[in-house]
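See structure below.
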Amino acid sequence: MSDATTTNPEVRPRPGDPEITPELVAEHGLSPEEYERIVKILGRAPTFTELGVFSAMWSEHCGYKNSKRMLRLLPTDAPWVIQGPGENAGVIDVGEGYALAFKIESHNHPSAVEPYQGAATGVGGILRDIFTMGARPVAVLDSLRFGDLDSPRVRYLFDGVVKGIGDYGNCVGIPNIGGETVFDRGYEGNPIVNAMCLGLMKREELITATASGEGNPLMAVGARTGRDGIHGATFASEELSEDSDEASRPQVQVGDPFTEKLLLEASLELIASGAIVGIQDMGAAGITSSASEMAGRGGSGVELEMSAVPVREEGMTPYEILLSESQERMLVVAKRGREDEVRRILEKWELEAEVIGRVTSDGRFRVLEHGVPVADIPALPLTEGCPTYEREGVESKEIRALRETDLSEHLIPRGDLTPTFLLMMGSPNLASKRWVYHQYDSTVRTNTVVRPGGDAGVIRIRGTKRGVAATTDCNGRYVYLEPRTGAMIAVAEAARNVACVGALPSAITNNLNFGNPEKPHIYYQFREAVLGMADACRVFETPVTGGNVSFYNETDGQAIYPTPVIGMVGVLEDVEKVVRHHFRSPGDAIVLLGTNTDEMGGSEYLYVTAGMVAGAPPRVDLLAERALQQALLDMSAAEVLSSAHDCSQGGLACTLAESALGEGERPLGVEVELDDDLPPVALLFAESQGRVVVSCPLEHLDDVLARAQRYGVPARRIGTVGEPEGTFRVTMRDGSVSCPVAQIAEVFFGALPRIMDVPATAEG
Amino acid sequence: MRVAVITFPGSNCDYDLYKAVQLVGGRPEFVWHRERTLDGFDAVMLPGGFSYGDYLRAGAIARISPVMEAVAEFARRGGPVLGICNGFQILCEAGLLPGALVRNASLKFESRDVHLRVERTDTPFTGDYAAGQILRIPIAHGEGNYEADPETLKRIEGEGLVVFRYVDAEGRVTEVANPNGSWHNIAGLVNEAGNVLGMMPHPERAVERLLGSTGGLGVFTSLLHSLAGSAPAG
């Protein structure tokens, strides 16, 4: 490790570079204190090129300066964790010699500006994070949030994002197995676009992104470097304003899924050949971050020659080359002497590979232009020395007041609640998302056991009996109203979803989408949410193996709901025993696991009927949730269930309806009677936690109830599955819902097409 | 049964096809698009995907790949050729099948299960089905809307070249059952000689109960049985 204060007299400003002024430093998103730190590290003023490099590496996106200290509080270890945070993706052992790499990542800012390319390149980036670990991507999920669909601008964003995700994943040939789509005015200006990818490999195929071995060549592989996306990482770490649309469009990259597919095949072949030491996506901050991070992890240095980088256009400066975020590029550290082997593999896939530098042992990140040094920075301070902040966190008074809102008047309605129920089923949040996932190939690679639309997507691991389940979850309203509880619920719901299909919740990746952390009330949300997540992950034994932080999701000072999306994976030991969410046979008993309450805070009912986001989110008992997960696993292993479906947004009534409808091919009637001493609105629509609706053949009913009891999970039969095209009826003491199931199907499946399948026009 | 699975840059259903052939006891082999011969193979399959990104037009660049001359020669000699999804598009672009596949009427990618009715059982790929049998098979495409000029369409129906048609669960040809706007609900058709089949739905994705349906299995078993009863074509 070289002395951080060594002066390197060779580095001089390039002719034509702008002068380093306080304004220029500020434009690069660096504070005066951070600039002083850079001067101290270098022992001199940085050149323009170096300023750009620091700006990218010390952005929130790459440097995690506002989140690092809190993230240390998350549990990251378990016996089955092979790779925790800090690599391209986390990796867990899923048995029978297989390892699963998985990660989630955001592309919120680019998608707000250019929805199609923004979302598409989000998928591209997360795929590369997975295959650079040596794993073949086997599934993607997408977690999306938009404003209300009555805005034409929101419809334009929604349509573009879904097309972008679909076109990219479909072309590369990775099935989409699930996710979520949420609509709420809280996301009006800032859509959330998070993409998660799962990859499978044999344990021994794991490779990490390190640059080691002095003299080993660094090779740029894949697409050429252009001027697109320069400073994307810094852009992602700023708030948006009304002008962001036009001004920021050049910072959005353009995706090429065809090249990605070739890159995927070539990378896996490269890794298998043994001709390379490490490989990393040139993602955020491009060559800069990939080269310096690989050097940082390898405890070595790198030297790059800018004139050797294959470029798309003439006259690019080192600054531009270093910070370009052109897509579908990788940095490969080859073994010295095996460069030709690397080239041959890439040529087969019609890709380029050029040596652009080498690994050194002096711990420096050195950049040359025709042999003349233009940047010379100690690598470790660059990657690890980013100042970190623990900021002041204070809860907003307005939100506290909202939480304390008296909701009792909303529990008054009684009698025939069928119209309200149908209104709920047609709400874009509760309605079927078929319009979305029918645009995604979900069956390519012929491993998909549970497609989108269920509690969790499931793929089998070919050649074994096993399967992997995955889901993404977060109810931002809950987190907004009470961050700690909301984050716990996000983890609990994800675990419930995974357990419903019969998989053991194993680990999570998280995507922490928040506003500007420099504001005390936002930092409060962030801190509380991380603490809640940590608690839940500890109780469920689902460590965090990595993820992504996306701050500054604000438009004109208005932050999104704090949205820590949980991407959870679980393992099925016998994938043949998978449990699905829809009712299967008329005459089956319907059993409720868990307890009904009258907690209406943050519910979809309030949003739909009163346009409100208020009250306290439902309480969550982590130990009870854990017991529920175990009971579900026990029941699925014993093969006594016909179906299992998590009860979440929209409450019990909507859960029952979704189980009745399935994918709409053979909707079944439902006859349910609830004798709880609770208002009918609460019974139907409260979003009380810790509940799952299961169905089973009558001969298994006693067994199911006994198994629930064994785990201390409240369970009772609440009704019976009816005939195809029958009646959906829920009877309570003071109210009821009753209508043909076909009528619900019409509302539920028709809602999004009715809104979206009209000629869409882009605003402004 | 030695089956060539042709792989173009951008093919992404090649592996699925390989596994489906293997499942019924066939011997699949990947053949890279730069190969120029298909000697020794009993059948040739063109998988789905996005050859060359479908950037110019689906299948338009793949058709000029070196291997396509060998595929045409193989077909001319009567060898069974199956093109699925992008493979169907390539066969049309290469002139081995009439017509073209244009953008879905919905202008959206359509990924879901559809029902197909078997219209012909006298092809190498459908002998194990019953005439009129209803199959459930996934589709996943953005350009599967079959069309041709009026003369050709007349000939297609006149000569009974349609092998699969989109229908509802009861086997009725309806507009709702048509996922992409194809003329006369055409999901798959053969050439006049009956040895080249193109279809948009993915039979290779419907060969295992665990994954939802076994409706596509017959395509592969039929081929196996048909080849067992005839001399190798290659």
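The values are calculated or read from the model by the stated rules, or taken from the named source; none is laboratory data. What you see is a predicted model; the values in this text were computed from it and never measured. Positions of Cβ are generated from backbone atoms using ideal geometry, with glycine treated the same way; all protein chains shown enter the neighbour counts.
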**Fill in**
Of the candidates B:ASP16, B:ASP42, the one satisfying the condition of being among the acidic types (Asp, Glu), within 20 Å of B:GLY194 (Cβ to Cβ) and modelled with pLDDT of 95 or more is B:ASP42
**Item:** Count of residues meeting criterion [free of Cβ contacts under 8 Å to residues at least 60 places away in the same chain, assigned to a helix (DSSP H, G or I) and either more than 14 Å from every other protein chain (Cβ to nearest Cβ) or crowded, with 22+ Cβ neighbours inside 10 Å (or both)] in region B:53-88
**Value:** 9
**Asked** Within region A:507-520, how many residues turn out to be surrounded by fewer than 24 Cβ atoms within 10 Å (Cβ to Cβ) and aromatic (Phe, Trp, Tyr)?
**Response** 0
**Prompt:** Filter region A:290-337 for residues that are surrounded by fewer than 24 Cβ atoms within 10 Å (Cβ to Cβ) and of a type in the set (Lys, Arg); which is farthest from A:SER59 (Cα to Cα)?
**Reply:** A:ARG336
**Prompt:** Which ones in region B:204-232 are within 11 Å of chain A (Cβ to nearest Cβ) and surrounded by 23 or more Cβ atoms within 10 Å (Cβ to Cβ)?
**Reply:** B:GLU204, B:ARG205, B:ALA206, B:VAL207, B:GLY216
**Request:** Take region A:253-275 and flag every residue that is away from every other protein chain (no Cβ under 14 Å) and surrounded by 24 or more Cβ atoms within 10 Å (Cβ to Cβ).
**Result:** A:GLN253, A:SER267, A:LEU270
**Prompt:** So B:THR152 clears everything in (1) within 13 Å of chain A (Cβ to nearest Cβ); (2) not in a strand (DSSP E or B) except one condition, right? Which one?
**Reply:** (1)
**Item:** The listed residue being crowded, with 18+ Cβ neighbours inside 10 Å and modelled with pLDDT of 95 or more, out of A:VAL94, A:VAL39, A:VAL113
**Value:** A:VAL94
**B:ALA187 surrounded by 15 or more Cβ atoms within 10 Å (Cβ to Cβ) and either among the small types (Gly, Ala, Ser) or assigned to a loop (DSSP other than H, G, I, E, B) (or both)** = yes
**Message:** Looking only at helices (runs of 4 or more DSSP H) that lie completely in region A:668-764, which have at least 2 residues being without any contact (Cβ under 8 Å) to a residue 24 or more places away in the chain?
**Reply:** A:701-710, A:741-756
**Complete:** Among the residues of region A:135-181, the number that are hydroxyl-bearing (Ser, Thr, Tyr) and within 17 Å of A:GLY457 (Cα to Cα) is 2
**Complete:** Restricted to region B:32-47 and to residues being within 14 Å of chain A (Cβ to nearest Cβ) and not charged (D, E, K, R), the residue surrounded by the fewest Cβ atoms within 10 Å (Cβ to Cβ) is B:TRP32
**Request:** Say whether the condition of being over 15 Å from the mean Cα position of the chain (by Cα), of a type in the set (Ser, Thr, Tyr) and crowded, with 17+ Cβ neighbours inside 10 Å is met by at least one residue in region B:166-178.
**Result:** no
**Message:** Suppose we filter region B:93-108 for residues that are within 23 Å of A:ASP441 (Cα to Cα) and crowded, with 23+ Cβ neighbours inside 10 Å; how many remain?
**Reply:** 1
**Complete:** Scanning region A:471-500 residue by residue, those under 21 Å from A:ALA101 (Cα atoms) and in contact with a Phe, Trp or Tyr (Cβ under 7 Å, 6 or more places away or on another chain) turn out to be A:VAL491, A:ALA495
**Asked** What tally of residues in region A:692-721 results from selecting those that are surrounded by fewer than 23 Cβ atoms within 10 Å (Cβ to Cβ) and under 29 Å from A:GLN743 (Cα atoms)?
**Response** 7
**Item:** Failed criterion for A:GLY298 (all others in (1) touching a strand residue (DSSP E or B) at 6+ places or on another chain (Cβ under 8 Å); (2) within 14 Å of chain B (Cβ to nearest Cβ) hold)
**Value:** (2)
**Item:** Among residues of region A:284-308, those that are among the acidic types (Asp, Glu) and either within 17 Å of A:GLU354 (Cβ to Cβ) or assigned to a loop (DSSP other than H, G, I, E, B) (or both), counted
**Value:** 2
**Any chance A:PRO419 is more than 14 Å from chain B (Cβ to nearest Cβ), at negative phi and surrounded by 23 or more Cβ atoms within 10 Å (Cβ to Cβ)** = no
**Asked** So, of the residues in region A:521-547 that are farther than 22 Å from A:LEU100 by Cβ and among the acidic types (Asp, Glu), which turns out to be surrounded by the fewest Cβ atoms within 10 Å (Cβ to Cβ)?
**Response** A:ASP535
**Request:** Would you mind telling me which numbered condition in (1) more than 24 Å from A:ASP455 (Cβ to Cβ); (2) touching a Lys or Arg at 6+ places or on another chain (Cβ under 6 Å); (3) part of a strand (DSSP E or B) A:VAL549 fails?
**Result:** (2)
**Asked** Which one is nearest to the other protein chains (Cβ to nearest Cβ) among residues in region A:437-480 that are hydrophobic (A, V, I, L, M, F, W, C) and surrounded by fewer than 24 Cβ atoms within 10 Å (Cβ to Cβ)?
**Response** A:VAL449
**Fill in**
Only unsatisfied item for B:ALA62, checking (1) over 19 Å from B:HIS33 (Cα atoms); (2) touching a helix residue (DSSP H, G or I) at 6+ places or on another chain (Cβ under 6 Å); (3) of a type in the set (Gly, Ala, Ser), is (1)
**Message:** Quick check on region B:208-224. Is at least one of its residues out of contact with any Ser or Thr (no Cβ under 9 Å at 6 or more places or on another chain) and assigned to a strand (DSSP E or B)?
**Reply:** yes
**Prompt:** Applying the selection to region A:388-444, what residues are within 30 Å of A:ILE165 (Cα to Cα), hydrophobic (A, V, I, L, M, F, W, C) and in a loop (DSSP other than H, G, I, E, B)?
**Reply:** A:LEU430, A:ALA431, A:VAL444
**Of the criteria (1) closer than 16 Å to B:ALA72 by Cβ; (2) within 14 Å of chain A (Cβ to nearest Cβ), which one B:PHE50 fails** = (1)
**Single unsatisfied condition, B:ALA169 versus (1) in a loop (DSSP other than H, G, I, E, B); (2) within 19 Å of B:ARG57 (Cα to Cα); (3) small (Gly, Ala, Ser); (4) within 13 Å of chain A (Cβ to nearest Cβ)** = (2)
**Request:** May I ask you to verify whether B:THR152 is crowded, with 19+ Cβ neighbours inside 10 Å and of a type in the set (Val, Ile, Thr)?
**Result:** no
**Prompt:** Which one of these is out of contact with any Phe, Trp or Tyr (no Cβ under 9 Å at 6 or more places or on another chain), of a type outside the set (Ser, Thr, Tyr) and without any contact (Cβ under 8 Å) to a residue 12 or more places away in the chain: B:GLU93, B:GLU110, B:GLU151, B:GLU192?
**Reply:** B:GLU151
**Item:** Conditions (1) within 11 Å of another protein chain (Cβ to nearest Cβ); (2) among the charged types (D, E, K, R); (3) surrounded by fewer than 16 Cβ atoms within 10 Å (Cβ to Cβ); number of the one not met by B:ARG27
**Value:** (1)
